[in-house]
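For reference, the structure discussed in these notes is given below.
The values are calculated or read from the model by the stated rules, or taken from the named source; none is laboratory data. Model, not experiment: these values are computed from the prediction. Here the Cβ positions follow ideal geometry from the backbone for every residue, glycine too, while neighbour counts run over all protein chains shown. To get the accessible areas, we keep the full protein, side chains included, count just its heavy atoms, and leave off ligands, DNA and RNA. Shrake-Rupley method; radii C 1.70, N 1.55, O 1.52, S 1.80 Å.
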Amino acid sequence: MRFIHGLLMTGMVASLGACATDEADGGGSGGTGGSAGGSAGTPGTGGSAGAAGAAGAAGAAGSAGAAGAAGAAGASNDPCMGIPTTGTCADATTVRTCIVSADFNEPPEITDITCKANDGCVESANGAQCEPTGECRTGETECLDSDTLRSCDATGSWVQTACGTNNCLQQPGLGAQCVTSAPTGGTGIFVRGSLFYEFRRPNDPVTPSSYSTTTETEGAGDMFITVFDNNELIGTELTKAGLNAGEAKGDFAVELDRMPTTNTFIFFWPMLFDQQGDPFIAMAKAQSDQASALTSTEYWSWGFDVCPTAGDCTTNDTDVGGLLIDDASGAGGAHVYDWLVFNFFRMTGMTELDGGDPLSLVTYWQNGPATPMGMEPAGIKFNCGNCFIPGGGEVIFDDTTTPVAKDTYRSAMNISGRGFNDYDSHWSRSTINHEAGHWVMSSFSVSPGEGGPHFVDAASLPGLSYSEAFATFIAQSNMSGGDPAAPNPVYFTVQNGTGFWINLESQEWTNGALDKPNPNGAVDQLVNENVVASMFWSFWSTSNAMNPQALGDSPVFGGLRTERLLQRNRGYFRTDFIDYLDGLSCDNLATDAQIAAVADPAGYPWRASEVECN
């Protein structure tokens, strides 16, 4: 599937692009936007229960003793009780999943997700999801064309409605509707300017301990724009992605149906739409700290006056200058969105990942202090910390209709936003892109579906360490701008007021060296996920790696789609790094010498003589 930036859709502009350059600076600032408009989680599984003890031997000759009773089954060391992170169908309408946090020391959570009306639990090779049992999901709406609205009724069937003299228009947070007028353009009346958001870097690029107390600005690319005058929509557009000559990231020029007035407002929505005009990636306001909530009633958006006074809009070209989404107004949400969309376009642009199935994604997030004052919302720290859930989520924008009007997504993410240097994960580019890495594996490859506890300085189950390692590799390769010649190997986050870093080049973290596996041990031994991440990193990077092989994107991401990885297994009973390495070898994506050059210094027990290709 190929997506392009700024594709014009029927009845709306589809926001299909952003390019978040790692440390680009923004321009001037203007007024601060008011906030408008997250919650999801990461699935997992752990080790299985111990086998029952063998029956005792019969007594010695003489009077033969009765056989001893079988020993009791060993206690399970699997906190997920065999439930995969990718989910399984507990019954016809319930997805049971184990949510595993990307954060260290956060316990997994087994949770049941009840499918909505006319949805049922469907299992596939990559887990379980709630899918429509009919044509569509009850409550969804879309414009079939500019004159026809169709809505999914209570039976899960599409119902078409002719708009007559009106137009069908799909809007963020409102769905598709027949409206008396839709923006037509052609007037030559414009409102233009630039949108920026604040963000915070780590306080040191190599050994950080917290986020900086100083904010910087970045252009806000690919925000969907709506302009309203007296509550009537008079213009839509996108902020620029900054990919073309003469445009800067965050610039915009919206053609309006009429002259703006003192009652004209411009709104910016962190929403990307697919080629059918349906929301594909969006930020929603978290309304629960439970990772399994997976619902919200409000999208994030930021609004500004176009004409604060009557004298501000006297020509056909109104320049509002630089508009700033500041920290207090939810700049962290704009920062999260920017990186999720960068990841989306980087991955969907790779031919090596053709054949995948990109999952639509809603991210739940709410910033604020742990103890708010007055009407200020509390920042939400999810019970999973930060996590990705492939089972899906929803945003209900009108619960007065029957059925309720909503947008549904095939996957969801929770990003915590509590306090400053407490659990404000929206500033951690490593955390944001790590969660995006789980989305990549779920969308384009096969996930081990393994859960259980995992720690920065300890070994974990092979399948879990593989999926977590790949997500960490995605984080740092995205933060390198997707350029293996400009690698950033330092992962950093703050959890519960404590900041720590992991260096994929040196295989070290804040408190010292990471423990390596036993090179002479079994291929299914427990292994530290960050050691595995450092091996992904060495394959990809040209420098700043333990033993860089400079393979770049094509072989490393091609490894996600090898027949060997997708259809066979060796050693551990779940997909793991051994299977990935075998796939590289079998498809000649890396030579056995290159694989050994990465695996041997890390102490990883891959041996070319044991590879199974058929």
Could you check G311 against (1) open to solvent by less than 40 Å² (accessible area, probe 1.4 Å); (2) assigned to a helix (DSSP H, G or I); (3) of a type outside the set (S, T, Y) and say which number it fails? (1)
Looking at G452, is it assigned to a loop (DSSP other than H, G, I, E, B), open to solvent by 20 Å² or more (accessible area, probe 1.4 Å) and either in contact with an Asp or Glu (Cβ under 7 Å, 6 or more places away or on another chain) or not β-branched (V, I, T) (or both)? no
Do you know which residues across segment 562-614 are charged (D, E, K, R), closer than 16 Å to S467 by Cβ and either in a loop (DSSP other than H, G, I, E, B) or open to solvent by 30 Å² or more (accessible area, probe 1.4 Å) (or both)? R574, D576
Identify all residues within segment 465-518 that are among the hydroxyl-bearing types (S, T, Y) and surrounded by fewer than 24 Cβ atoms within 10 Å (Cβ to Cβ); write none if there are none. S480, T498, S506, T510
Which residue is modelled with the highest pLDDT, if the candidates are limited to segment 111-133 and must be open to solvent by 20 Å² or more (accessible area, probe 1.4 Å) and among the charged types (D, E, K, R)? E123
Scan segment 152-165 and give yes if some residue there is in contact with a Ser or Thr (Cβ under 9 Å, 6 or more places away or on another chain), in a loop (DSSP other than H, G, I, E, B) and among the acidic types (D, E), otherwise no. yes
Does segment 382-405 contain any residue that is open to solvent by 10 Å² or more (accessible area, probe 1.4 Å), modelled with pLDDT of 95 or more, among the charged types (D, E, K, R) and touching a Lys or Arg at 6+ places or on another chain (Cβ under 6 Å)? no
Scan segment 406-419 residue by residue and report those that are open to solvent by 10 Å² or more (accessible area, probe 1.4 Å) and either among the β-branched types (V, I, T) or farther than 22 Å from L340 by Cβ (or both). T408, G419
Residue in segment 136-151 that is nearest to D257 (Cα to Cα), counting only those that are among the β-branched types (V, I, T) and not in a loop (DSSP other than H, G, I, E, B): T148
Restrict the check to segment 297-308 and report whether at least one residue is crowded, with 21+ Cβ neighbours inside 10 Å, in a loop (DSSP other than H, G, I, E, B) and aliphatic (A, V, I, L, M). yes
If only one of G186, G175, G221 is buried (at least 22 other Cβ atoms within 10 Å of the Cβ) and at pLDDT below 95, which one is it? G175
Could you name every one of the strands (runs of 3 or more DSSP E) located completely within segment 167-246 that has at least 1 residues being within 20 Å of D274 (Cα to Cα)? 167-171, 175-179, 224-229, 232-238
